[in-house]
Amino acid sequence: MLSLYGPQRKALCDGVSRRDFLRIGSLAMGGLSLPQLLNAESQNGTKRGFKSVIMIYLCGAPPHQDMWDLKMDAPAEIRGPYKPIGTNVPGIRISEHAPRLAQMMDKLVPINSMYGSLSGDHDSFICYTGRPPRGQVQPPGGWPSLGSVVSRLQGQANPAIPGFVGLAPKAGHPPYGSPGHPGFIGPAHSAFRPNGAGMDDLKLNGISLERLEDRKALLNGFDTFRRDVDASGIVSSMDSFNQQALNVLTSSKLLDALDLSKEDPKTRERYGKGDPKNYGDGAPLNLEHFLVARRLVEAGARVVTLNFGRWDFHDRNYPQLLRHLPLFDQGMSALVQDLHDRGLDKDVAVVAWGEFGRTPIVNKDGGRDHWPRVGNALLAGGGFKRGQVIGKTDKLGGEPTERGVHFGEVFATLYKFLGIDTTKTVLNDLAGRPQYLVDGWSAMPELI
């Protein structure tokens with residue numbers, strides 16, 4: 001089933017989840033569309049005219065000391081068994097298990113000094129909002145994800161393509177399956193979440209356009225009094241949702257973007273398949289999601305999120321990393337090269353990260369535990385100044401020593417890339433109070 005997820009109220013790590021979900025095929029009410037639909041841009045085969053972001057959440061937080069920030073001079077219990085290799089940028093070295101990314105370092109920006117998680121909780125929240133899930137009081141309704149903000153402010157680039165698409169499947173640990181939530185912006189700007197079982201809901205399945213229009217007329221005849229008295233915003237989002245559902249159902253553009261059989265076989269081979277099954281209680285190691293993300297932004301999606309793997313290696317850190325990192329190396333390198341080959345590297349920004357880093361010292365079970373003091377990120381595209389490493393850590397990889405980078409700074413950079421001024425733009429929370437998109441952070445001068 002293709003599901004549209006509304007607000008969640010849950011404890012972040014106890015697995016409790018409350019979701020509202022609907023099916024597009026039935027044209028039921030819910031949250032997917034955009035109130036600015038009629039003013040949205042249209043591609044119509046002309047210049048692209050819009051920018052997009054692909055956010056890759058590495059569920060559970062990867063071990064930065066074993067990927068981009070290896071410490072070969074540290075004691076054995078810290079440095080690990082893997083070796084760094086040179087890249088195509090002199091002076092930059094990364095893990096030997098990411099050889100493809102090493103050969104395109106001139107197109108990448110590792111950030112080795114990420115911080116911002118206050119509690120070390122497992123949650124995609126900070127990766128999709130730029131704010132910690134705990135330790136700060138949230139406004140009524142909760143902080144919205146970048147995808148929901150962009151959906152609210154910029155609408156759809158193409159009426160048949162949702163502005164915000166989340167490729168995260170359900171996960172055993174609910175935050176690992178989150179695409180980013182709408183918070184106080186409301187369910188009309190939730191992520192559109194396609195999955196294999198829901199593909200048929202994107203087709204008319206024998207219903208004529210005339211019958212579809214009759215159903216639209218029936219929905220338009222709902223009691224207006226109910227709309228007037230509704231205070232939740234759910235009913236008021238029905239009209240725009242139904243309009244977008246009709247746009248999706250009467251166009252093949254979204255189905256085409258999701259249909260990988262239409263892709264060049266050589267391109268599909270470059271991306272690979274990976275594993276479509278969830279890794280433990282996390283997300284799948286699905287390499288085809290990287291390709292779907294590229295096809296979606298090319299078709300008109302403004303923000304696409306995808307969740308990859310389950311990097312919470314409290315035990316068997318090194319063998320589990322050998323399962324994850326080579327696959328990520330393949331998917332990420334294919335995506336970045338594909339964007340460059342198609343001339344989209346200035347129009348699409350890519351960021352891959354987890355919610356925090358891992359402990360410098362390997363524990364008795366051969367794993368690395370939670371370490372919110374510092375982690376890492378990998379950026380590409382966006383017209384950014386690439387081929388550089390931002391930030392440094394101490395000799396143990398445990399503390400930032402040079403140019404610590406807060407999640408909020410990356411978000412300020414992405415908003416600037418998208419043409420959104422974070423110093424002036426505010427959105428009202430559910431109490432009617434204006435809220436800035438980031439907490440006073442500015443775009444990173446190293447990237448712009």
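The values are calculated or read from the model by the stated rules, or taken from the named source; none is laboratory data. Everything numeric in this text was worked out from a predicted model, so none of it was measured. Quick reminder, even Gly has a Cβ in these numbers, built from the backbone with ideal geometry, and neighbours come from all protein chains shown.
Comparison of ASP329, ASP347, ASP365, ASP369 shows that the only residue that is more than 18 Å from the chain's Cα centre (by Cα), charged (D, E, K, R), more than 15 Å from GLY60 (Cβ to Cβ) and surrounded by fewer than 24 Cβ atoms within 10 Å (Cβ to Cβ) is ASP365. Taken over the range 288-306, the criterion of being more than 22 Å from PRO182 (Cβ to Cβ) and buried (at least 24 other Cβ atoms within 10 Å of the Cβ) is satisfied by PHE290, ARG294.
Check whether at least one residue in the range 299-319 is free of Cβ contacts under 8 Å to residues at least 12 places away in the same chain and within 30 Å of ILE78 (Cα to Cα), and report yes or no.
Yes, that holds for at least one residue.
With the structure loaded, tell me whether PRO400 is over 16 Å from the mean Cα position of the chain (by Cα) and surrounded by fewer than 23 Cβ atoms within 10 Å (Cβ to Cβ) or whether it fails that test. Judged against the criteria, PRO400 is a match. Using the structure shown, decide if GLY375 is crowded, with 23+ Cβ neighbours inside 10 Å and within 21 Å of GLY309 (Cα to Cα). Against the criterion (crowded, with 23+ Cβ neighbours inside 10 Å and within 21 Å of GLY309 (Cα to Cα)), GLY375 qualifies. Pairing residues of the range 268-286 that are modelled with pLDDT of 95 or more with residues that are among the acidic types (Asp, Glu) and part of a strand (DSSP E or B), at Cβ distances under 6 Å and at least 6 apart in sequence or on separate chains, gives PRO284/ASP275; LEU285/ASP275. Listed by position, the strands (runs of 3 or more DSSP E) enclosed by the range 374-448 that each have at least 1 residues that are under 30 Å from ASP341 (Cβ atoms) are 375-381.
Taking into account only those residues within the range 158-197 that are touching a strand residue (DSSP E or B) at 6+ places or on another chain (Cβ under 8 Å) and among the aliphatic types (A, V, I, L, M), which is nearest to GLY282 (Cα to Cα)? Among those residues, the one meeting the criterion is ALA171.
Considering the range 353-369, the residues that are of a type in the set (Gly, Ala, Ser) and assigned to a strand (DSSP E or B) include one that is nearest to LEU306 (Cα to Cα), namely GLY357. I need the full set of residues from the range 132-170 which are under 15 Å from the mean Cα position of the chain (by Cα) and surrounded by fewer than 23 Cβ atoms within 10 Å (Cβ to Cβ), in order please. PRO169, LYS170, listed by residue number. Does ARG302 satisfy the condition of being closer than 30 Å to GLY155 by Cβ, under 15 Å from the mean Cα position of the chain (by Cα), modelled with pLDDT of 95 or more and among the basic types (Lys, Arg)? Judged against the criteria, ARG302 is a match. Each residue in the range 47-87 was checked for being at pLDDT 95 or above and within 20 Å of the chain's Cα centre (by Cα), and 14 of them qualify. Among the residues of the range 78-93, the ones that are crowded, with 18+ Cβ neighbours inside 10 Å and among the small types (Gly, Ala, Ser) come to 1 in all.
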